[in-house]
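Comments concern the structure below.
Where a number appears in this text, it was derived from the coordinates with a stated rule and is not lab data. Since the structure is predicted, the reported quantities are computational estimates derived from the model, not experimental observations. Here the Cβ positions follow ideal geometry from the backbone for every residue, glycine too, while neighbour counts run over all protein chains shown.
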Amino acid sequence: MTDFEPQDLTEGFNGYLGFRLVDWREGFARIAVDLQDHHKNRQGGLHGGVTASLIDAATGFCGVYEPDPEKRRGNVTVSLNVNFVGRAKGTTLTCTAKLIRAGRRIYFAAAEVHDEQANLVASAEAVYAYVDRDAQRRPATTSGS
C-alpha cells in the first residue's frame, strides 16, 4: 500500500487543465481530470490535445518517481504516440502510465486513458530523455550580439 497523497498539479499547462496526480510510485503514475468546457473541441467533444497532454503528464511522471524532491530527475518528451480508440462518455478521464524500461539517459513508458465508465479512450507509448530538472526553467541564452 502506498502513502501517496493525491495532489492537484498546479504548475503550467497541467495546472491550467486541472490535472490531479492521484497515484505515484516507482514506475507508475495515475493522473485524472474532470472535464470542463475548456477541454472541448469546436464540435463540443473532448479535444484530442487534452487527452495527449494527460498521457504526456502521466508517462512523464511514471519515469521520474523519487520520494525526495531534491533527488528527482527532470525529463523531456522525445516521442509520444497516441492512439485515439474511443469516445469519452463520462465526465472524468484517468490516465494510468507504467514504466516499460529505463536506461541511464532515456526511458520508455506506456499508458491508457479511460473515463469513469471504463470506456477506453486512448492508448499510448512514450519515450523520454532524462535531463537536469531545472534546465527548462533557466532563461534561454542567445548567441551573437
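When only the Cβ of Lys, Arg, Asp and Glu is charged (+1, +1, -1, -1), the dipole of the stretch 7-135 relative to its Cα centre reaches about 360 debye. Can you find, among I31, V127, G44, the residue farthest towards the positive end of the dipole of the chain? Put +1 on the C-beta of Lys and Arg, -1 on that of Asp and Glu. Going by the charge dipole, the pick is V127. Among T92, T59, a tally of other beta-carbon atoms within 10 Å of each Cβ gives an order, fewest to most, of T92, T59. Grab the beta carbon distance between Q117 and V76, set R0 = 22 Å, and tell me the FRET efficiency rounded to 0.05. Calculated value: 0.05.
In summary, the lysines within cross-link reach of K40, defined as a Cα separation below 18 angstrom excluding same-chain residues under 8 places away, comprise K89. Scaling against 2.2 N^0.38 Å puts the C-alpha radius of gyration of the stretch 7-135 at 1.02. Computed from the Cβ-Cβ distance with R0 of 22 Å, the FRET efficiency linking D37 to Q7 stands at 0.35.
For K71, the lysines whose Cα falls under 26 Å of its own Cα, not counting residues fewer than eight places away in the same chain, are K98.
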